[in-house]
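*Asks:* Before I ask anything, let me first share the structure, which is written out below as structure tokens.
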Amino acid sequence: MAKRYFTLDEANSLLPFMQGELSFMQMKRSDFLRAYKELQVIKQQPQAKTSQLDETIFKLECSMEFMQLEIQLHLDAIHAKGIQVKDIDIGLIDFPALIDGAEVLLCWKQGEPSISHYHGLYDGFSGRKPL
């Protein structure tokens, strides 16, 4: 697949979509962590294994696996559009772009009203520069 480059307008037009995707993945990740903690508590119980306890563990593990699959499907769909998810928790998203012929990443952080920064391919968030 050829690498896609976004204009600033194209990338900004995708922010509502990305906000929805991030919110969904953040919610699923939170649900996953809650289920993981619950599973750890159950597994630490000193009581003898029972079929009811085994069933509870099985249901939690299945639920957690499904949550992981849901998140991965959403990430795959985002990546197929050429968008890079850098951090789900804080909502860091990069859009490959060209500025004066140089390959850069338009950088957006969840909560920002629009894309106003970019950075080099290897600079990361700390190397952000205003557009």
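*Asks:* Filter the stretch 80-90 down to the residues that are surrounded by fewer than 17 Cβ atoms within 10 Å (Cβ to Cβ) and more than 12 Å from LEU14 (Cα to Cα) and list them by number.
*Replies:* ALA80, GLN84, LYS86, ASP87, ASP89, ILE90
*Asks:* Which condition from (1) without any contact (Cβ under 8 Å) to a residue 12 or more places away in the chain; (2) closer than 27 Å to GLY124 by Cα; (3) not acidic (Asp, Glu) is the one that LYS59 breaks?
*Replies:* So the condition that LYS59 fails would be (2).
*Asks:* Mind checking whether some residue in the stretch 36-46 is touching a residue at least 24 places away in the same chain (Cβ under 8 Å) and either touching a helix residue (DSSP H, G or I) at 6+ places or on another chain (Cβ under 8 Å) or not in a loop (DSSP other than H, G, I, E, B) (or both)?
*Replies:* So far as the stretch 36-46 goes, yes, one or more of its residues are touching a residue at least 24 places away in the same chain (Cβ under 8 Å) and either touching a helix residue (DSSP H, G or I) at 6+ places or on another chain (Cβ under 8 Å) or not in a loop (DSSP other than H, G, I, E, B) (or both).
*Asks:* Sticking with this one: Working only within the stretch 64-79, note down all residues that are under 14 Å from LYS28 (Cα atoms) and surrounded by 14 or more Cβ atoms within 10 Å (Cβ to Cβ). Steps first, answer last, please.
*Replies:* Here is the first cut: in the stretch 64-79, the ones under 14 Å from LYS28 (Cα atoms) are 64-75.
The answer is MET64, MET67, GLU70, ILE71, HIS74, LEU75.
*Asks:* Let me ask you something else. Checking the structure you have, find out if any residue of the stretch 35-58 is among the aromatic types (Phe, Trp, Tyr), surrounded by 10 or more Cβ atoms within 10 Å (Cβ to Cβ) and closer than 30 Å to ILE93 by Cα.
*Replies:* Looking through the stretch 35-58, at least one residue is among the aromatic types (Phe, Trp, Tyr), surrounded by 10 or more Cβ atoms within 10 Å (Cβ to Cβ) and closer than 30 Å to ILE93 by Cα.
*Asks:* If I filter the stretch 74-87 for residues that are among the hydrophobic types (A, V, I, L, M, F, W, C), part of a loop (DSSP other than H, G, I, E, B) and at pLDDT 95 or above, do I get at least one hit?
*Replies:* yes
*Asks:* Scan the stretch 91-116 for residues that are surrounded by fewer than 17 Cβ atoms within 10 Å (Cβ to Cβ) and under 16 Å from PHE6 (Cα atoms) and jot them down. Show your work before the answer.
*Replies:* First, pick out the residues of the stretch 91-116 that are surrounded by fewer than 17 Cβ atoms within 10 Å (Cβ to Cβ): 98-103, 109, 111-114, 116.
Scanning the stretch 91-116 gives LEU98, ILE99, ASP100, GLY101, ALA102, GLU103, SER114, SER116.
*Asks:* Could you list, ordered by first residue, the pairs with Cβ atoms under 6 Å in which the first is in the stretch 1-30 and under 13 Å from ILE93 (Cβ atoms) and the second is surrounded by 15 or more Cβ atoms within 10 Å (Cβ to Cβ) and aromatic (Phe, Trp, Tyr), at least 6 apart or interchain?
*Replies:* Within 6 Å, the pairs are PHE6/PHE95; ALA11/PHE95.
*Asks:* I would also like to ask the following. Surrounded by fewer than 12 Cβ atoms within 10 Å (Cβ to Cβ) and either modelled with pLDDT of 95 or more or assigned to a helix (DSSP H, G or I) (or both): which single residue out of ASP9, ASP31 fits that description?
*Replies:* The conditions single out ASP9.
*Asks:* Now a separate question. Considering the stretch 86-101 alone, what residues qualify as being closer than 16 Å to GLY127 by Cβ and free of Cβ contacts under 8 Å to residues at least 12 places away in the same chain?
*Replies:* The answer is ASP87, and nothing else.
The values are calculated or read from the model by the stated rules, or taken from the named source; none is laboratory data. It should be emphasised that the depicted structure is a prediction, and the values quoted were computed from it without experimental measurement. Don't worry about glycine lacking a Cβ; one is built from the backbone with ideal geometry, like all the others, and counts go over all protein chains shown.
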